[in-house]
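Okay, structure first, notes after.
The values are calculated or read from the model by the stated rules, or taken from the named source; none is laboratory data. Keep in mind that this is a model prediction, so the values were computed, not measured. So basically every Cβ, Gly included, is an ideal-geometry build from the backbone, and we count neighbours across all protein chains shown.
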Amino acid sequence: MKGVHLTQRELDVMSVLWELGEATAAEVRDRVDPDLAYTSISTVIRLLETKKYVAHRKGEGKTHLYYPLIEASAAGKTALGRVMEKIYGGSPVTLLANLIDQHRLTDKELARMRELLDTHKKRK
């Protein structure tokens, strides 16, 4: 799959499906925003099906159970790439610097980052 492009609302829906594995439209709505119209969530789910990010199977009665066809990591890679390009001018260094500046990273997290950088360096 080339690039996964999700709107904020699509990401909200996909997050529920990734978490639960499968869900009805009503269950998704209840987790995303219980005050949101059922038809709004149904529309988003249908769009996700059209994009082949979501599929469904027959549930009880007239309900459908929706499940993700893509992994969260695929969406994350694409989203991170877009953020890096649009906000950080394509610079992974600036992105990492911002991440470090904005979050209080534990010593364990920093050590893991160093480990990942060292591993990457050895592969080159």
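Among Ala55, Ala74, Ala111, Ala97, which is the only one that is closer than 25 Å to Arg29 by Cβ, among the aliphatic types (A, V, I, L, M) and out of contact with any helix residue (DSSP H, G or I) (no Cβ under 9 Å at 6 or more places or on another chain)?
Step by step, each of Ala55, Ala74, Ala111, Ala97 is checked, and only Ala74 is closer than 25 Å to Arg29 by Cβ, among the aliphatic types (A, V, I, L, M) and out of contact with any helix residue (DSSP H, G or I) (no Cβ under 9 Å at 6 or more places or on another chain).
Please state which of the following conditions His64 fails to meet, knowing it meets all the rest: (1) touching a residue at least 40 places away in the same chain (Cβ under 8 Å); (2) surrounded by fewer than 13 Cβ atoms within 10 Å (Cβ to Cβ).
(2)
Could you please find all residues in the stretch 78-108 being farther than 27 Å from Val4 by Cα and of a type in the set (A, V, I, L, M)?
Answer for the stretch 78-108, where residues must be farther than 27 Å from Val4 by Cα and of a type in the set (A, V, I, L, M): just Leu105.
With Thr50, Thr94 as the choices, which residue is assigned by TED's automatic domain parsing to the domain that holds Leu117, surrounded by fewer than 16 Cβ atoms within 10 Å (Cβ to Cβ) and of a type in the set (S, T, N, Q)?
Thr94
Test each condition in (1) under 12 Å from Met14 (Cα atoms); (2) without any contact (Cβ under 8 Å) to a residue 12 or more places away in the chain for Ala72 and report the one that comes out false.
Every condition holds for Ala72 apart from (2).
From (1) under 25 Å from Val4 (Cβ atoms); (2) among the hydrophobic types (A, V, I, L, M, F, W, C); (3) exposed (fewer than 15 other Cβ atoms within 10 Å of the Cβ), pick out the condition that doesn't hold for Ala111.
Going through (1) under 25 Å from Val4 (Cβ atoms); (2) among the hydrophobic types (A, V, I, L, M, F, W, C); (3) exposed (fewer than 15 other Cβ atoms within 10 Å of the Cβ) one by one, Ala111 breaks only (1).
Which one of the conditions (1) of a type in the set (A, V, I, L, M); (2) closer than 28 Å to Leu110 by Cβ; (3) surrounded by 14 or more Cβ atoms within 10 Å (Cβ to Cβ) does Leu99 fail to meet, given that it meets all the rest?
(3)
Looking only at the stretch 45-84, filter to residues that are over 15 Å from the mean Cα position of the chain (by Cα) and assigned to a helix (DSSP H, G or I); which one of those is modelled with the lowest pLDDT?
Among those residues, the one meeting the criterion is Met84.
Of everything in the stretch 104-124 that's not charged (D, E, K, R) and not in a helix (DSSP H, G or I), which residue is farthest from Gln8 (Cα to Cα)?
Thr106
In contact (Cβ under 8 Å) with a residue 24 or more places away in the chain, over 26 Å from Leu95 (Cβ atoms) and not acidic (Asp, Glu): is that true of Val28 in this structure?
yes
For the stretch 27-39, what are the residues that are loosely packed, with under 13 Cβ neighbours inside 10 Å and part of a helix (DSSP H, G or I)?
Result: Tyr38, Thr39.
Identify all residues within the stretch 91-103 that are modelled with pLDDT of 90 or more and not in a helix (DSSP H, G or I); write none if there are none.
Listed by number, the list holds a single entry, Ser91.
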